[in-house]
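K.L.:
Please find one structure pasted underneath; my questions will follow.
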Amino acid sequence: MNQILINKKLYVTPELKRKKKVYRFHFILSVFLLIVLVSLCIYAEYDRNKSEEASQQILSDVNKSIEEQKQAKSDVLVVVLNNSQEDLNIEALTSEENETPQMDKYTTESGYTYYTIATISIPKINVNYSIIEGETGSEKETEELLKKSPCKLEGPEPNKRGNFCVVGHNYRNTKFFSKVPTLQIGDTFTITDLTGKTIEYRIYNMYEVVPEDTSCLDQVANGKREVTLITCTNDSKRRVIVKAEEAK
């Protein structure tokens, strides 16, 4: 008896075809989104590195300016006769409170003008940046300048009496103010103004606030030199406030 071999072919229903198309679409979409996500991460890291390079160039420029200011001060001398008019005393011209040092001027890609006003060094977290200040103080200007370097947000000139407030980005890596939240009470840092004067500040308080709370910018400093460092928490939902005063 002959056996008839029948090859059974799976019957593909219209519903199964539709599901296959949906699965294929979801797979292609997932791959596309993954590529976009990876590309965004690579670009973000590139942008951060570019910001770091720009900031270090600004720091190099301001350090050069500070050295030039020091040299200029040492070259200007005043000859003073003592009471006996026999000896000559040579004194450097020092009137720091009235000095107006030359500030380096820059312009962003969007046309905002800003100046270097000081440098900040926090050895514990390997922070060494210039502090910059814009002309208008607008929110958009500050947002753009923060990509360049930490910025003055409020207060007097660097190392003057009052509450000098500095804000910096938290990139959740080692750049800019990313490691500022890891500081502790008692840690110190220094600020050098454009005259070359360096003052050490010691942290006496740290806390977090909501973005709308601007009380840390209060200028009641009781005649002291104070510095407030400001950055975001890692989730960007709150602000980390670091209060410091001149170390005695």
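K.L.:
Any residue at all in region 204-212 that's of a type in the set (Ser, Thr, Tyr) and in contact (Cβ under 8 Å) with a residue 24 or more places away in the chain? Break it down into steps so the answer makes sense when it comes.
P.N.:
Step one: list which residues in region 204-212 are of a type in the set (Ser, Thr, Tyr), which gives 204, 207.
From the residues that got through so far, the ones that are in contact (Cβ under 8 Å) with a residue 24 or more places away in the chain too are 204, 207.
Scanning region 204-212, I find at least one residue that is of a type in the set (Ser, Thr, Tyr) and in contact (Cβ under 8 Å) with a residue 24 or more places away in the chain, so the answer is yes.
K.L.:
Right, something else. Can you tell me which residue in region 100-132 is surrounded by the most Cβ atoms within 10 Å (Cβ to Cβ), limited to those that are touching a strand residue (DSSP E or B) at 6+ places or on another chain (Cβ under 9 Å), among the charged types (D, E, K, R) and at pLDDT below 95?
P.N.:
Step by step, filter region 100-132, then rank; the result is 104.
K.L.:
Continuing with this model, one more query. If residue 155 meets every condition in (1) without any contact (Cβ under 8 Å) to a residue 40 or more places away in the chain; (2) within 20 Å of residue 247 (Cβ to Cβ); (3) in contact with a Cys (Cβ under 7 Å, 6 or more places away or on another chain); (4) not hydrophobic (A, V, I, L, M, F, W, C) apart from one, which number is that one?
P.N.:
Checking residue 155 against (1) without any contact (Cβ under 8 Å) to a residue 40 or more places away in the chain; (2) within 20 Å of residue 247 (Cβ to Cβ); (3) in contact with a Cys (Cβ under 7 Å, 6 or more places away or on another chain); (4) not hydrophobic (A, V, I, L, M, F, W, C), the one that fails is (1).
K.L.:
Looking at (1) surrounded by 20 or more Cβ atoms within 10 Å (Cβ to Cβ); (2) touching a residue at least 40 places away in the same chain (Cβ under 8 Å), which one does residue 221 not meet, given that it meets all the others?
P.N.:
Status for residue 221: all satisfied but (1).
K.L.:
Go through region 123-148 and give me each residue that's on the phi > 0 side of the Ramachandran plot and touching a residue at least 12 places away in the same chain (Cβ under 8 Å). Steps first, answer last, please.
P.N.:
Start the filter on region 123-148 by keeping residues that are on the phi > 0 side of the Ramachandran plot, which leaves 126, 137.
Answer for region 123-148, where residues must be on the phi > 0 side of the Ramachandran plot and touching a residue at least 12 places away in the same chain (Cβ under 8 Å): just 126.
K.L.:
Another one. So which residues in region 148-162 are surrounded by fewer than 19 Cβ atoms within 10 Å (Cβ to Cβ), touching an Asp or Glu at 6+ places or on another chain (Cβ under 8 Å) and over 18 Å from residue 197 (Cα atoms), if there are any at all?
P.N.:
None - no residue of region 148-162 is surrounded by fewer than 19 Cβ atoms within 10 Å (Cβ to Cβ), touching an Asp or Glu at 6+ places or on another chain (Cβ under 8 Å) and over 18 Å from residue 197 (Cα atoms), so the list stays empty.
The values are calculated or read from the model by the stated rules, or taken from the named source; none is laboratory data. Just so you know, these numbers come straight off a predicted model, no measurement behind them. Note that we place each Cβ from the backbone using ideal geometry, even for glycine, and neighbour counts take in every protein chain shown.
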